[in-house]
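The values are calculated or read from the model by the stated rules, or taken from the named source; none is laboratory data. Everything quoted here is computed from the prediction, not taken from an experiment. Here Cβ is always computed from backbone atoms with ideal geometry, including for glycine, and neighbour counts include all displayed protein chains.
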């Protein structure tokens with residue numbers, strides 16, 4: 001892995017962590033589980049970007065790392081579907 005790849009992965013990880021903090025702040029205000037799910041998903045995306053650099057995993061051996069990304073996307077899908085399936089008790 002080149003230094004440039006590590007720099008880009010670090011920048012992406014930092015960006016994902018900023019997004020995670022952003023959604024965590026909204027969750028603190030509203031206590032809406034969707035914001036918490038988005039925060040956790042972006043934290044998983046940050047781990048997904050940082051882990052290959054930290055563990056020095058070669059490009060060919062990164063297949064398992066992408067399961068973390070899959071978990072993040074599944075978390076978002078489940079949260080959105082769960083939010084949409086909630087029924088208003090008054091409606």
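Please determine whether any residue of region 42-49 is touching a helix residue (DSSP H, G or I) at 6+ places or on another chain (Cβ under 7 Å), surrounded by fewer than 17 Cβ atoms within 10 Å (Cβ to Cβ), at pLDDT 95 or above and assigned to a helix (DSSP H, G or I). No, region 42-49 has no match at all. Consider region 1-40. How many of its residues are over 21 Å from residue 80 (Cβ atoms) and assigned to a helix (DSSP H, G or I)? So the count comes out to 15. Name the residue that is nearest to the chain's Cα centre (by Cα), counting only residues in region 52-64 that are within 16 Å of residue 5 (Cα to Cα) and in a loop (DSSP other than H, G, I, E, B). The qualifying residue nearest to the chain's Cα centre (by Cα) is 62.
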